[in-house]
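Here, each number is a calculation from the coordinates, and none is a lab measurement. None of the values given here were measured: they were computed from a predicted structure. Heads up, the Cβs are rebuilt from the backbone with ideal geometry, glycines too, and the neighbour counts pull from every protein chain shown.
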Amino acid sequence: KHFPWRVDEGYFKIWRQGRTGYPLVDAGMRELWATGWLHNRVRVIVSSFFVKFLQLPWRWGMKYFWDTLLDADLECDVLGWQYISGSLPDGHELDYIENPQVLFACIFTTNSDRHFVTRFFTTNLNS
């Protein structure tokens, strides 16, 4: 059976603009738009959120990364998105979510780490 993806342009737009309400996800998406770069761990977090929380089709996210990332790599990006979506035999299960709130507390422990989220989370909030 095919997974019933939620085809919702509104959720897709909110994710792209970094307006999900989850500071780490929002900071990552705003950094991606502002710089064209995204740390590998943050890529996993925002893509997991996209597929497993918003339940949007993984191909939409992959296409957006392809269009936006300066270091986009077709083979790696396709396999990464398929892995996160659980569509590969050894991929993540759909019930395994990279929880952005827990990961923020575990990974971003120093002031410089928190500066990343502060810098990109507060960028262009009103635009």
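At-a-glance table
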| item | result |
| --- | --- |
| Tail weight of P(r) past 21 Å, computed on alpha-carbon pairs of the stretch 1-90, percent | 22 |
| Gyration tensor (alpha-carbon) shape descriptor, the stretch 2-41, a/c threshold 1.5 | prolate |
| F3 paired with T68, simple spin-label distance in nm, labels 7 Å along Cα-to-beta-carbon | 1.9 |
